[in-house]
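J.: Supplied in structure tokens, the structure appears directly below.
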Amino acid sequence: MMKKFLQLLVFFAVIVFFTVLAFHSHGGSVLFTVPPYRVEVSFLFFILCASFIFFGGYFLIRLVDFFFRIPDRLRTIHQRKKHNSALRLFSEGFVYFLEGRYARAANAAEQSFEANLVPIVSGLMAAQSYHALGKVSERDYWLDVVKNLQGGERAQRLTAAELYLNDNNPTRALELLSPYVLDSSTRYLAVTRLLFLTYLSLENWSEAMRCFRILEKRQSIHPASFFSLKQELYQGLVSNTESVEDLKKFFSCLSESDQKLHIVRVVKRFLELLDYGLARRYIEDYHRKDWSSELALLYSDSCEDNTITHQIECAEFWLLNHQDDAYLLVTLAKLCQKKSLWGKAREYLEQACSYGDDMVLPIYEKASLLDRLGEHEQANVLYRRCAKKTLSRP
């Protein structure tokens, strides 16, 4: 707009200049000599003719240029209309995709791809729509199309990996993400997130924890799922630790709050690794400063022939402060049975059944004891009672 205004201003300035020049040139003339002719005209007439020829030629050239540019202008208008139409289709397709209308979303994505409007995004949207529709061949076709586009390989790999994860195929997802594994810690947050989910599905707990630490550091885990994911990882790491020393080292690196949350799982793993002494020590150390009924129940599983008496004494000491703990009473009963103290075992189990009336375990242990003592009829009654309670649970 400013450019046209300046052009108009220059045009009027030129007219004013020549007008002033003409009025100050009274009596002046211009002589054209073309032998054998001589043509003499006034200076004002010459100025007017020269101006007419100049501006007439200028407008004629502009007119010719305008007609020559008509095809380009029509082509531009057509392309603009096509682009606007494709943009409208893409926008509608994206809305359809978010609304879950995947058939329409796939159709709109294909049309916007044909219009060459953000082809990578359009192709990936078509692939995701067909994936949601369960059309695997169409999904794979569009993934291959995007892969062959310039700059589309990385986006294709990430999208394909996510789709394979949704299909419960983490092995294939890991193959697609493997070129970016080394860069995941520093560059590609999306890759790290997908790798975390992949390792979690493959139960590769150590690598999953590595990715989890990166995401935690970069604050990329939703607070609502942070705690549950962290607990799942810790439980997986504990369950897959094959060395007692590694398990001790892992547990010692946990915070005090995490140790409280995972002490039961760690002790169970010590028992699975047949290190009864360490499991027993962890239980006793924990109960010096805190209490856990689940740990008390595991205490009888950690006994050895030369430690039963000591364990009975410890459990009876705990009972002074936890008289109504059914699990502790069951543990005492099991320890007494190992020393053939049948009367005390029966007494503890009767107390456990009275305190834990809605619990199956005390009743089952009492039935097992009666069975061992030859009181089969009473034992069968208790077994049926256990079965009834178990089946009545929601």
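The values are calculated or read from the model by the stated rules, or taken from the named source; none is laboratory data. The model shown is predicted, which means the values in this text are computed figures rather than measured ones. Cβ atoms come from the backbone with ideal geometry, glycine included; neighbour counts cover every protein chain shown.
J.: Mind checking which residues of segment 283-299 are surrounded by fewer than 21 Cβ atoms within 10 Å (Cβ to Cβ), of a type outside the set (A, V, I, L, M) and touching a residue at least 12 places away in the same chain (Cβ under 8 Å)?
T.: Glu284, Tyr286, His287, Asp290, Trp291, Ser292, Ser293, Glu294
J.: Six or more apart or on different chains, Cβ under 6 Å: which pairs go from a residue in segment 323-349 that's free of Cβ contacts under 8 Å to residues at least 40 places away in the same chain to one that's surrounded by fewer than 24 Cβ atoms within 10 Å (Cβ to Cβ) and part of a loop (DSSP other than H, G, I, E, B)? Could you list them?
T.: From residues that are free of Cβ contacts under 8 Å to residues at least 40 places away in the same chain, the pairs are Ala326/Gly356; Ala326/Met359; Leu328/His322.
J.: Moving on. Kindly evaluate Tyr130 against the criterion of being of a type in the set (Phe, Trp, Tyr) and either under 30 Å from Gln79 (Cα atoms) or modelled with pLDDT of 90 or more (or both).
T.: Here the answer is yes, as Tyr130 does meet what is asked.
J.: So, in segment 17-39, how many residues would count as being surrounded by fewer than 10 Cβ atoms within 10 Å (Cβ to Cβ) and either part of a loop (DSSP other than H, G, I, E, B) or at pLDDT 75 or above (or both)?
T.: 11
J.: For the structure I just gave you, tell me whether Tyr355 is farther than 25 Å from Lys248 by Cβ and among the aromatic types (Phe, Trp, Tyr).
T.: Working: farther than 25 Å from Lys248 by Cβ: yes; among the aromatic types (Phe, Trp, Tyr): yes.
Yes; evaluated as a whole, the condition is true for this residue.
J.: Right, another one. Looking only at segment 275-284, decide whether some residue is over 22 Å from Asp305 (Cβ atoms) and in contact with a helix residue (DSSP H, G or I) (Cβ under 9 Å, 6 or more places away or on another chain).
T.: no
J.: So which residues in segment 77-98 are touching a helix residue (DSSP H, G or I) at 6+ places or on another chain (Cβ under 8 Å) and not aliphatic (A, V, I, L, M)?
T.: Phe90, Glu92, Gly93, Phe94, Tyr96, Phe97, listed by residue number.
J.: Working carefully through the options Tyr141, Tyr130, find the one that is of a type outside the set (Lys, Arg), without any contact (Cβ under 8 Å) to a residue 60 or more places away in the chain, in a helix (DSSP H, G or I) and out of contact with any helix residue (DSSP H, G or I) (no Cβ under 7 Å at 6 or more places or on another chain).
T.: Tyr141 is the lone residue from the list that is of a type outside the set (Lys, Arg), without any contact (Cβ under 8 Å) to a residue 60 or more places away in the chain, in a helix (DSSP H, G or I) and out of contact with any helix residue (DSSP H, G or I) (no Cβ under 7 Å at 6 or more places or on another chain).
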